[in-house]
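Since the structure comes first, as C-alpha cells, the remarks are kept for the end.
Each reported figure results from applying straightforward, stated rules to the coordinates on display, with no laboratory input. Bear in mind that the values here come from a model prediction, so they are computed numbers and not experimental data. Every residue, glycine as well, gets a Cβ built from its backbone with ideal geometry; the counts of neighbours run over all protein chains shown.
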Amino acid sequence: MSEPIIRIRDLTRHYEMGTETVQALRGVSLDIGRNEYLAIMGPSGSGKSTMMNMIGCLDTPTGGEYWLNGQEVSQLSDDQLARVRNKEIGFVFQTFNLLPRATSLHNVELPLVYAGVSSRERRSRASAALGRVGLGNRMDHRPNELSGGQRQRVAIARALVNEPSILLADEPTGNLDSTTSEEIMQVFAELHRQGQTIIMVTHEADIAAHADRTVVLRDGKVETDRATHGVAA
Amino acid sequence: MNVARALEGVGIALDSIRSNKVRAGLTILGVAIGVMVVIAMASAITGVNRSITAMLESAGPKTFFVQRFFQGGLNISDGSDELSPWRKNPWITVEDAELVHQLPLVQDVSVSEGTEGPVSYEDISLKGVLIAGFGPSWVLVTGGEIVSGRTFTSAEYAAGAHVAVVNDKLAESLFPRGVDPVGKRIRVFGQPFTIVGVHVEAASLFGGGDQVRMAMPHTTFVKVADYRKGWMDFSVLPVASATSLEAQEEVISALRAKRGLKPMQENNFAVLSQDKILDSFNNITAGFFAVMVALSGVGLMVGGVGVVAIMMISVTERTREIGVRKALGATKREIMFQFLVEAATLTVVGGTIGLALGALIAVAIRSNTTIPASVPLWSVVVSLAASVVTGVLFGLYPAFRAARLDPVEALRFE
C-alpha cells in the first residue's frame, strides 16, 4: 500500500457526562489507502458515530494521532478544521441535509462558496458535479421538488464538488427504500471505480457488503477488519 | 468572495422575512418608525429652512429689519431678568422710520403694520381679511409680484390715498371669475377704496398662499384701520456702497441718539439682520433635531431588541443548517458574518420602509402646506447607516451564538 490517505493511531475520545466519563473510543488504529472503499459497522454504542465525527474532522480526539492526507489534524483549531473539512472531506448524511430553500445548483455550490471560488467557476463546477450523479436536468429544483434518491444524489454532488480526499457517508441509505438504496450504491460504486476514496458508516450488512473492506467496531475498539468483495458493479 | 457570502446572507434574510411576514414585520416596525420620524422631520425642517431663505432672499440679501423687540427666537429674555423685557421698549414710530430714511447709508425704508378687518364688495362681505399698511417699496421687501395693475405710488403714500392692492385669494373671494378687480371699488373698515393692483405672494412659510390679504399705504392704514397700536416695524435697504453691517451700525447709533440712551444702556429696540434670523431659526431647529434623534433612537432600540429576538429564533430553527454549513467548511467567522448580514438586512428593510413612509409624509407636507418639504440626501444616508449599525450591533449576540455551535451537536439537532 502506498502512503495511506488516513492514518489513525491509538485514537481515544472521552466524553464527560455529568460526573461520569464515557469512553467512546478506547484506542483505535487504522490505515486507509487511497481509492479504498471502506465500510465502518458496529452496533449502537460501539463508537462508530464518534469515529465518523473524528474522520470527518467535526470533533477532535482526547488522545492519539490522526493523519489525513499527510497532515496531523488532531490538534488543529476549530477554524483550521473547517478548512480541512472544506478541502479534504465530502459529507453525505442520512437525512441529506440540503438547504430547503436553495436549488440543487445552489446547494452544490455551497462548499465552493466557503472555498472562495468565483461565482462563474462555482456554477460550472457545480453543474458538472450534478451531471456526474445524473441530475444535470434538475439543477433549478428545490429539495422538496425532488425524490429521496434525487436528494441524496444532490448531496453526493455537493460532497464531490470540492474534489475531496475522502467521501464520508453516514448511513447514506438510512432514509431510502431498498430500490433507491441500490441506486445510490451504484453511484458510489461508479465513483469508486473513478478513483474516489469512500468511507461509509452503516449498521446494515447488505449495504456494507458493497465496500471492499469492512471494519467492525465494538465498545470503542476495532473488533474485526477484513476485506469483503464488493457485490455491486 | 465576501460579496458572494454577503449576497447569500441577504438572500437568506429576505427569504426568512418572506416566510415569516408578521414576525419580521413586527421586528422591523421599530426601525421603520425611527427612520420615518427622522426622514419626515428632516424633510420638514429642510423645507422650512428653504422657505425662510427664500423669504430673506426676496427681501434682498442686505435688507434688515427694525422692530420693537426680537420676536424671532427662543432667547427673547436674553440679558434680562423679566419675562417680557420688551414691554419697556417704546413703540417704533413713523418718525423713527423717517429719521432712518435720512441716514447716508440708507437707500430705502419700508414701514409695515398689520391687523385683521372687514372687506366688502357690493353684497359680498368678508371678515378677518389680513390688512397691512406698507411703505411704497413693500413689494421689494415682502417678495411676490404684482400680476395685474400696479402698487400704490409714493404720491399716493404721501397723500394717504384710499387705494388697495389685493392678493389673488382676496380677488377670487370678492369677484367672479373673469372679472378684473383693478378699478373696482371696495369697502375696507367701512371706508371706500379703489383697487389698483393684484399681488401674488411668493410661496413662503409665513406668507401662507391661501389666506386673503390686502395692502394699502401705511399712511392710509393708520387713519382707517382699527388695530392694536405699537407693533409697527420697518425694513431698511442699505445703499449699494455700504455693507449691511455698516448700515445697521449707523441705524443703531441714530436710534440710540434719538432715544437718548446712555452708553451703558442696552438698545430698547431690535435690529434684525438676516444672519440673526437664521441663527435664531437654527436654534429652534437644533431643538427639534434633538427631539428627533431621541425619538428615532427609541425606535431603533425597540427594533434592535426585536432583531435580537427574531435572530435568536432564527439561529435555533436553523441549528442543523449551521451544522451542515460547518461540515461543508464554514468557519466561525463566516457563520457569524452570515447572521450579521441577515440581521442588517432585516433592519435595512425596516429602514427602507421607514424611508418610503417618511418621503410620503414629506410629499404630504409639501402638497398640504406651504412648506416646500423635501428629503435631504444626508438624512437618507444617516438613516440607512443607522439601520445597518442597529442590525449589526443587535445581531452580534445571536450571530455569536450561531458561530459558537458545535458542529456535531448542531448536525444531531432535531
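When a/c reaches 1.5 or more, the comparison of a/b and b/c decides; with that in mind, is region B:333-397 rounded, prolate or oblate per its Cα gyration tensor? Before the final figure, lay out each step's value.
On the way: a/c = 4.87, a/b = 3.43, b/c = 1.42.
Taking the square roots of the gyration eigenvalues as a ≥ b ≥ c, region B:333-397 is prolate.
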For chain B, place one equal point scatterer on every Cα, skip the solvent, and apply the Debye formula. What is log10 of I(q)/I(0) at q = 0.07, 0.09, 0.13 Å⁻¹?
-0.54, -0.72, -1.06
What are the principal axis extents of the Cα atoms in region B:90-268, in Å, biggest first?
58, 32, 32
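Counting only C-alpha contacts under 8 Å and six or more residues apart, can you give the relative contact order of region B:90-268 as a whole percent?
33
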Note on the protein assembly as shown, DSSP bridge orientation, antiparallel percent to nearest 5 equals 65
Normalised contact order of region A:1-158, rounded percent, pairs of Cα under 8 Å and 6 or more residues apart
20
Based only on other Cβ atoms within 10 Å, what is the fewest-to-most ordering of B:I146, B:I52?
B:I146, B:I52
What is the ratio of the Cα radius of gyration of region B:100-201 to 2.2 N^0.38 Å, where N is its residue count, to two decimals?
1.12
To the nearest whole percent, what portion of all C-alpha pairs in region A:110-181 is separated by more than 13 angstrom?
67
Output wanted: per-residue J couplings in Hz (rounded whole) for region B:99-105, from phi through Karplus 6.51 cos²θ - 1.76 cosθ + 1.60, θ = phi - 60°, x for Gly and Pro.
4, 4, 4, 7, 5, x, 8
The base-10 log of I(q)/I(0) that the Debye equation returns for region B:300-414 at q = 0.15 Å⁻¹, one scatterer per C-alpha, is -0.68
So for chain B, averaging the separation of alpha carbon pairs under 8 Å that are six or more residues apart and normalising by length, what relative contact order in percent results?
30
Most fluctuating residue given options B:V141, B:V298, B:V236, as computed from a GNM of chain B linking Cα atoms under 10 Å:
B:V298
What's the Cα-based Rg to Rh of region A:92-233, Rh via Kirkwood?
0.99
On average, how many beta carbons from a partner chain sit within 10 Å of the beta carbon of a residue in A:79-86?
5
When you have a sec, figure out the Kirkwood radius of the protein assembly as shown from all distinct Cα pair distances and drop it here in Å to one decimal?
31.9
Shielding score for A:106-115, defined as the mean number of other chain Cβ atoms within 10 Å:
4
What is the distance in Å between the Cα centroid of region B:135-154 and that of region A:158-233?
97
When Cβ neighbours within 10 Å are restricted to other protein chains, what is their mean count per residue of peptide B:313-325?
2
Chain B - mean residue ellipticity at 222 nm from DSSP helices (-39,500 (n - 2.57) per run, n ≥ 4, rounded to 500):
-18500 deg cm²/dmol
Long-range amide H partners of B:S148, meaning residues 5 or more apart or on another chain whose placed amide H is closer than 5 Å, are B:V198
Honestly region A:1-86 on the Cα gyration tensor test (a ≥ b ≥ c root eigenvalues; a/c under 1.5 rounded, otherwise a/b vs b/c for prolate or oblate) is just oblate
Among A:E223, A:E109, A:E20, which one shows the highest mean-square fluctuation when chain A is modelled as a Gaussian network with alpha-carbon springs under 10 Å?
A:E20
